[in-house]
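Before any comments, here is the structure.
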Amino acid sequence: QVELVESGGGLVQAGGSLRLSCEASGRTFSSYAMGWFRQAPGKEREFVAAASWSGGSTYYADSVEGRFTISRDNAKNTVYLQMNNLQPEDTAVYYCAGDRLLLPDFLKGSVEVWGQGTLVTVSS
């Protein structure tokens with residue numbers, strides 16, 4: 001069993017950066033694909049980024065490609081989302097997610113475990 005807890009959200013000005021962390025409990029973390037989703041006010045939940053269990057394969061939504069980077073440290077049971085050049089449209093609650101498989105359904109939001117979310121607010 002894996003439980004996920006996000007942290008690192010907050011308020012930042014446009015153009016700034018934040019680094020989100022997702023710490024996992026449970027001894028199966030290293031075998032899980034991990035990723036991030038977000039839900040902005042008035043919008044559907046959307047996929048942001050994901051990484052395979054080894055971190056060797058990554059995938060990004062077009063809207064964040066080149067600005068966000070997902071990484072993981074299995075020794076620390078933690079996955080990160082480095083967010084650079086943040087824009088107001090990035091404002092959302094960001095959710096960490098995990099599953100034993102990355103493709104194909106993870107990217108569609110079909111995952112086994114969700115975190116509680118952390119709020120990112122980007123001011124103009």
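The values are calculated or read from the model by the stated rules, or taken from the named source; none is laboratory data. Because the structure is a prediction, the values reported are computed rather than measured. Note: ideal-geometry Cβ built from the backbone for every residue, glycine included; neighbour counts use all protein chains shown. Protein only, heavy atoms only, side chains kept; ligands, DNA and RNA dropped before computing areas. Shrake-Rupley method; radii C 1.70, N 1.55, O 1.52, S 1.80 Å.
Hey, does the stretch 106-117 have a residue that's of a type in the set (A, V, I, L, M), touching a Gly at 6+ places or on another chain (Cβ under 6 Å) and closer than 19 Å to Ser21 by Cβ?
Yes, the conditions are met somewhere in the stretch 106-117.
Counting just the residues of the stretch 78-102 that are polar (S, T, N, Q) and closer than 16 Å to Met34 by Cα, which one comes out most open to solvent (accessible area, probe 1.4 Å)?
Across the stretch 78-102, the extreme among qualifying residues is Gln82.
Residues in the stretch 92-108: is at least one basic (Lys, Arg) and assigned to a strand (DSSP E or B)?
Scanning the stretch 92-108 turns up no residue that is basic (Lys, Arg) and assigned to a strand (DSSP E or B).
Could you tell me which of the residues Val79, Val111 is within 23 Å of Val2 (Cβ to Cβ) and within 10 Å of the chain's Cα centre (by Cα)?
Matching residue, one of Val79, Val111: Val79.
Please specify each residue of the stretch 51-61 satisfying the condition of being assigned to a strand (DSSP E or B) and more than 18 Å from Glu112 (Cβ to Cβ).
Passing the criteria: Thr58, Tyr60.
Are any of the residues in the stretch 114-121 closer than 11 Å to Ala33 by Cβ and not aliphatic (A, V, I, L, M)?
No, the conditions are met nowhere in the stretch 114-121.
Has the stretch 26-41 got any residue that is under 17 Å from Val2 (Cβ atoms), among the hydroxyl-bearing types (Ser, Thr, Tyr) and touching a strand residue (DSSP E or B) at 6+ places or on another chain (Cβ under 6 Å)?
Yes: one or more hits.
Of (1) assigned to a strand (DSSP E or B); (2) open to solvent by less than 40 Å² (accessible area, probe 1.4 Å); (3) over 16 Å from Pro41 (Cβ atoms), Val120 satisfies all except one. Which?
It is condition (3) that Val120 fails.
For a quick check of your reading of the model, give me the residue pairs whose first member lies in the stretch 62-80 and is touching a residue at least 12 places away in the same chain (Cβ under 8 Å), whose second is part of a helix (DSSP H, G or I), with beta-carbon atoms closer than 7 Å and at least 6 apart or on different chains.
Close Cβ pairs (under 7 Å, with a partner that is part of a helix (DSSP H, G or I)) amount to Asn74/Phe29; Asn74/Ser30; Asn77/Phe29.
Mind listing whichever residues of the stretch 5-64 are open to solvent by 50 Å² or more (accessible area, probe 1.4 Å) and among the polar types (S, T, N, Q)?
The answer is Ser7, Gln13, Ser17, Ser25, Thr28, Ser30, Ser31, Gln39, Ser54, Ser57, Thr58, Ser63.
Could you say which residue among Val48, Val64, Val12 is of a type outside the set (D, E, K, R), closer than 19 Å to Asn85 by Cα and not in a strand (DSSP E or B)?
So the residue among Val48, Val64, Val12 that is of a type outside the set (D, E, K, R), closer than 19 Å to Asn85 by Cα and not in a strand (DSSP E or B) is Val64.
Where the second residue is of a type in the set (Ser, Thr, Tyr) and exposed (fewer than 13 other Cβ atoms within 10 Å of the Cβ) and the first is in contact (Cβ under 8 Å) with a residue 12 or more places away in the chain and within 29 Å of Asn84 (Cβ to Cβ) and lies in the stretch 18-30, which pairs have Cβ atoms under 9 Å and are six or more apart or on separate chains?
Pairs found: Ser30/Ser54.
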